[in-house]
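J.: Have a look at the structure that comes next, please.
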Amino acid sequence: MKITILGVRGSIPTSGEGFLEYGGATACCLVEAGDQAIYLDAGSGLLHSPDTGDRKVSLLITHTHMDHILGLPLSPLLLSHRRIDLYAKTRDGLDARQQLERLMSPPLWPVGVDIYPSDVVFHDIGKGIQLGNVYVDTMESNHPGGSTIFKLEHEGKSLVYATDYEHSEDKQAELAEFAKDTDLLLYDAQYTDEEYERMKGFGHSTVFEGMKLFEKSGAKRILFVHHDPRHNDDKLKEMEAGLKDTRAGFAREGMVLEL
Ligand SMILES: [Zn+2]
Ligand SMILES: [Zn+2]
């Protein structure tokens, strides 16, 4: 599996000096495996996607908070004449299409999904999804309104994408089991410990809790994602320097990893 980190910012995009090193685009990762191009979330990072050739394209959307779908309306994917399979869990009685149409319809956006040349096929998310040789397992996150945690497995390697996730005793145990021995864990560490005290219930976690989970799960590598828009490069570097573990780091836009 080849993983390209396209966007690591949480909540809202950032730009300008001070945000160039880690990047300002919101949640999006591209996973290329066999004949599949699988996007985890469709934040503004989706606009940076490299060309994936004739791989089959799927979008796995954790949830439809703005920062996770912001890239879709202007994505070259929608402007291409290809089939795109979009997966999102039905939430609050709205299926995947209805959730996307909240953003992609007037007055928030001039045109609906059907106007685009691409053929977007919407799917609800069940327990597991088979995409070519990639098996996708899911776990429900702890996040206001709900969010889905994905595990992708391909030829004996796996990665877990756990963003928009707030730790709790029960959920940490469940996630440690779900991410057991995974090769790469992407984990939401939006807040410092001090910030978390003020932001409990907002649905995000910390490096401290992420490292505890990392140890417990036996995962081989952890990368922190969903960086707070108020954390500039200096702040993120300071947080990253505190890790003291070569298997742990903060995700940067443009990073490419092979599993
Ligand atoms: Zn988010
Ligand atoms: Zn969210």
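The values are calculated or read from the model by the stated rules, or taken from the named source; none is laboratory data. Note that this is a predicted model, so its numbers are computed, not measured. Glycine also receives a Cβ, built like all others from the backbone with ideal geometry; neighbour counts cover every protein chain displayed. Protein only, heavy atoms only, side chains kept; ligands, DNA and RNA dropped before computing areas. Shrake-Rupley method; radii C 1.70, N 1.55, O 1.52, S 1.80 Å.
J.: Hey, what D do you get for the chain in µm²/s if you plug the Kirkwood alpha-carbon radius into Stokes-Einstein at 10 °C and 1.306 mPa s?
T.: 87
J.: So if each residue of separation counts as 0.36 nm, and I subtract the Cα-Cα distance between LYS220 and GLN98, what length gain in nm does that give?
T.: 40.1 nm
J.: May I pose another question? Keeping every protein chain present and rolling a 1.4 Å probe, give me the accessible area per residue for the chain in Å².
T.: On the way: 11140 Å² over 259 residues.
On a per-residue basis, the chain sits at 43 Å².
J.: List the lysines whose Cα sits under 23 Å from the Cα of LYS151, skipping any in the same chain fewer than 8 residues away.
T.: Candidates past the 8-residue exclusion: LYS2, LYS56, LYS89, LYS127, LYS171, LYS180, LYS212, LYS216, LYS220.
J.: Out of all DSSP beta bridges with both ends in the chain, state the antiparallel percent to the nearest 5. If you can, show how the numbers build up before the last one.
T.: Details: 29 of 57 bridges.
Just about 50 percent of them are antiparallel.
J.: I want the local charge near THR163. Using Cβ-Cβ distances under 9 Å, sum +1 for each Lys or Arg and -1 for each Asp or Glu among the other residues.
T.: Within the 9 Å Cβ shell, the charges total -3.
J.: If you average the sequence gap of Cα pairs under 8 Å that are 6 or more apart and divide by the length of the chain, what percent do you get for the contact order?
T.: Details: 605 pairs, mean separation 52.0, N = 259.
This gives 20 percent for the chain.
J.: Full-extension gain between LYS244 and PHE208, please, as 0.36 nm times their residue separation minus the C-alpha to C-alpha distance.
T.: Taking 0.36 nm per residue and subtracting the Cα distance, the gain is 11.8 nm.
J.: Which helices, counted as full DSSP H runs in the chain, have an axial Cα extent of no less than 18 Å and a Kyte-Doolittle average of 1.0 or above?
T.: none
J.: Separate question: Given the stretch 1-73, what whole percent of its Cα pairs are spread farther than 22 Å?
T.: Across the stretch 1-73, Cα pairs with separations above 22 Å total 20 percent.
J.: Within the set of other residues whose C-beta is less than 14 Å from the C-beta of LEU46, count the net charge using Lys and Arg as +1 and Asp and Glu as -1.
T.: -3
J.: Could you tell me whether the stretch 20-153 comes out rounded, prolate or oblate from its Cα gyration tensor? Rule is a ≥ b ≥ c as square roots of the eigenvalues, rounded for a/c under 1.5, then prolate if a/b exceeds b/c, otherwise oblate.
T.: Since a/c stays below 1.5, the shape of the stretch 20-153 is classed as rounded.
J.: Could you tell me the distance between the Cα centroids of the stretch 51-109 and the stretch 170-192, to the nearest Å?
T.: The stretch 51-109 and the stretch 170-192 have Cα centres spaced 25 Å from each other.
J.: Follow-up question, since we're still on this one. So if each residue of separation counts as 0.36 nm, and I subtract the Cα-Cα distance between ILE115 and MET66, what length gain in nm does that give? Walk me through the intermediate numbers first.
T.: Values: separation 49, 0.36 × 49 = 17.64 nm, distance 2.07 nm.
Answer, rounded to one decimal: 15.6 nm.
J.: Still on this structure: Separation between the GLU17 and ARG82 pseudo-spin-labels, each 7 Å from Cα along Cα→Cβ, expressed in nm?
T.: 3.9
J.: How large, in percent, is the carbon and sulfur part of the accessible surface of the stretch 2-258 at a probe radius of 1.4 Å?
T.: Working: 5710 of 11070 Å².
Ligands and nucleic acids excluded, carbon and sulfur give 52 percent.
J.: Which is farthest toward the positive dipole end of the chain among THR206, VAL120, THR246, measuring Cα position about the Cα centre, with Cβ charges +1 (Lys, Arg) and -1 (Asp, Glu)?
T.: The residue sitting farthest along the positive end of the dipole is VAL120.
J.: Distance in nm between label sites at LYS2 and ARG55, each 7 Å beyond Cα in the beta-carbon direction?
T.: Taking the two extended label points, one gets 0.7 nm.
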